[in-house]
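Single-structure report; data block below.
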Amino acid sequence: MYMGFTIAQLLLLSLISDSMKTEFDAILAKKIFSKDDIVALLSTTDENDVGKLFEKSCSVKKEYVGSEVYLRGLLEFSNVCRKNCFYCGIRSDNKQIHRYSIPDEEIKEIVLHAWKNNYGSMVFQSGERNDAVFIEHVIDILKYSKKITNNEIGITLSCGEQSEKTYQKLFDSGAHRYLLRIETSNEALYYKIHPENETHSFKARIEALRNLKKTGFQTGTGIMIGLPFQTIEDLADDLLFFKKNDIDMVGMGPYIEHKETPMYKYRKLLMPKTERFNLTLRMIAVLRIMMKDINIAASTALQAIDNEGRVKGLKAGANVIMPNLTPSAYIEDYFLYDNKPCLHENIGKYFKLLESSIHDAGDTIAYKKWGDSKHFFTRTSAR
Ligand code: 5AD
Ligand code: SF4
């Protein structure tokens, strides 16, 4: 007898666990995952199985996208937003924050700083606005960023839903990748986390993603993980949504509550942060196995839960990292969620730390490269 178990019971337990392991291995070995397979992979918390999952996702990553991590300098150039998403700290109804738009001279300095420090790409992110003044401003930012870097800097935009015509203008002005998260592919859940009205329409979001691809953008989307009312089946559907829509880039991060938002009232329904974190890592790993040659970002929200969060994301299969270059004078007004890490990553010594932890994870940083999605070229040349 051991800890109250008879030998027969112990044998039975070990048989059960052996048969479960075999089942996990069998799923992992499949060429194509069904929804049930994905649910099983995401649901496992057995350390051994999770280890096997990461081993597989890392070998797929090495084979298909290599071990170079693509670097983008993230600049949150304005927090003015016309939307009111229930989860987001910069939603228009949050009057507690100061609204800003970084002056052009400062934006130019940051872009030059990034370029001189061998960043191949920038991500310009903002709240959503679709008035002409804003669009013209974004066009200016794109044009001068290209000009002052001898056309060398690659540009990803993340400025929300725009018309097809606007997307075309932005593309023609120098942006070539665009991020627009679907947030959840479950329409009913979408309306639990957004107001249901013309400004927040699930169908419009889908249409915008379609238009981005049509315009010729490398198209990125993504979701939040651990939302109230979200199920593992929803997350499996999200991964299948990325696959079905032949997406080039994905950014997924744990949902983190923010006090000044309507969704804060559901905080008691949430799984613990470490579980949201671990589930996000498993989502990255399963997605890497399903969509081998896409770009997957290790999101900042991972870092808000664990100070090695992004590097753990790389170890699970992500291949893009976006150090935040937003000046500290603005960063606190871009709190999408509580405890957003205030990383001063434009400062040399912090960057060195990040670089060495990336090396420790077995990866290297791709300097001076745009770091495009290989999948984009596969899908467009196959047309
Ligand atoms: N927790 C995690 N991610 C969030 N985002 C917005 N609010 C939160 C939050 N509370 C994400 C959304 C959005 C991206 C810019 O930031 O997915 O698309
Ligand atoms: Fe605005 Fe984006 Fe936040 Fe929604 S998630 S309120 S669109 S910044």
query: Restricting attention to the range 157-168, which residues are surrounded by 18 or more Cβ atoms within 10 Å (Cβ to Cβ) and more than 13 Å from ligand 1 (Cβ to nearest atom)?
result: Gln162, Thr166, Tyr167
task: Find the residue count for the range 60-98, including only residues that are away from ligand 1 (no atom under 16 Å from the Cβ) and assigned to a loop (DSSP other than H, G, I, E, B).
output: 5
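Residue-wise test of (1) within 15 Å of ligand 1 (Cβ to nearest atom); (2) under 24 Å from Leu28 (Cβ atoms).
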| site | (1), (2) |
| --- | --- |
| Ile256 | yes, no |
| Leu281 | no, yes |
| Leu302 | yes, yes |
| Gly309 | yes, no |
| Asn319 | no, yes |
| Ser328 | no, no |
| Phe335 | yes, no |
- prompt: Which one is farthest from the chain's Cα centre (by Cα) among residues in the range 158-213 that are touching a residue at least 12 places away in the same chain (Cβ under 8 Å) and part of a strand (DSSP E or B)?
  reply: His200
statement: Going through the range 214-254 in order, the residues found to be part of a loop (DSSP other than H, G, I, E, B), in contact with a helix residue (DSSP H, G or I) (Cβ under 7 Å, 6 or more places away or on another chain) and farther than 13 Å from Ile294 by Cα are Gly216, Phe217, Gly226, Leu227, Pro228, Phe229, Gln230
- request: Kindly indicate whether any position in the range 33-53 is free of Cβ contacts under 8 Å to residues at least 60 places away in the same chain, in a loop (DSSP other than H, G, I, E, B), open to solvent by less than 60 Å² (accessible area, probe 1.4 Å) and within 15 Å of ligand 2 (Cβ to nearest atom).
  value: no
- prompt: So is Ile7 open to solvent by 70 Å² or more (accessible area, probe 1.4 Å) and at pLDDT 95 or above or not?
  reply: no
- prompt: Is it fair to say Thr221 is within 16 Å of ligand 2 (Cβ to nearest atom), among the hydroxyl-bearing types (Ser, Thr, Tyr), in contact (Cβ under 8 Å) with a residue 24 or more places away in the chain and surrounded by 18 or more Cβ atoms within 10 Å (Cβ to Cβ)?
  reply: yes
message: Criterion first (touching a residue at least 40 places away in the same chain (Cβ under 8 Å), away from ligand 1 (no atom under 16 Å from the Cβ) and either assigned to a loop (DSSP other than H, G, I, E, B) or not aliphatic (A, V, I, L, M) (or both)) does Ser57 satisfy it?
response: yes
- request: Hey, can you tell me all the residues within the range 255-298 that are assigned to a helix (DSSP H, G or I) and within 16 Å of ligand 2 (Cβ to nearest atom)?
  value: Pro262, Met263, Tyr264
task: Taking Glu55 as the residue in question, decide whether it is among the charged types (D, E, K, R), touching a strand residue (DSSP E or B) at 6+ places or on another chain (Cβ under 6 Å) and farther than 30 Å from Phe202 by Cβ.
output: no
task: Just one of (1) more than 14 Å from Val138 (Cα to Cα); (2) more than 12 Å from ligand 1 (Cβ to nearest atom); (3) open to solvent by less than 30 Å² (accessible area, probe 1.4 Å) trips up Leu180, so point out which.
output: (2)
- request: Select from the range 360-383 the residues that are assigned to a helix (DSSP H, G or I) and open to solvent by less than 90 Å² (accessible area, probe 1.4 Å) and list them in ascending order.
  value: Lys374, His375, Phe376, Thr378, Arg379, Thr380
- prompt: For Ile182, are the conditions met, namely being in contact with a Ser or Thr (Cβ under 7 Å, 6 or more places away or on another chain), more than 27 Å from Pro262 (Cβ to Cβ) and hydrophobic (A, V, I, L, M, F, W, C)?
  reply: no
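The values are calculated or read from the model by the stated rules, or taken from the named source; none is laboratory data. Bear in mind the structure is a predicted one, so any value in this text is a computation, not a measurement. FYI the Cβ positions are ideal-geometry reconstructions off the backbone, even for glycines, and counts take in every protein chain you see. The area values use the complete protein model at the heavy-atom level, side chains included, leaving out ligands, DNA and RNA. Shrake-Rupley method; radii C 1.70, N 1.55, O 1.52, S 1.80 Å.
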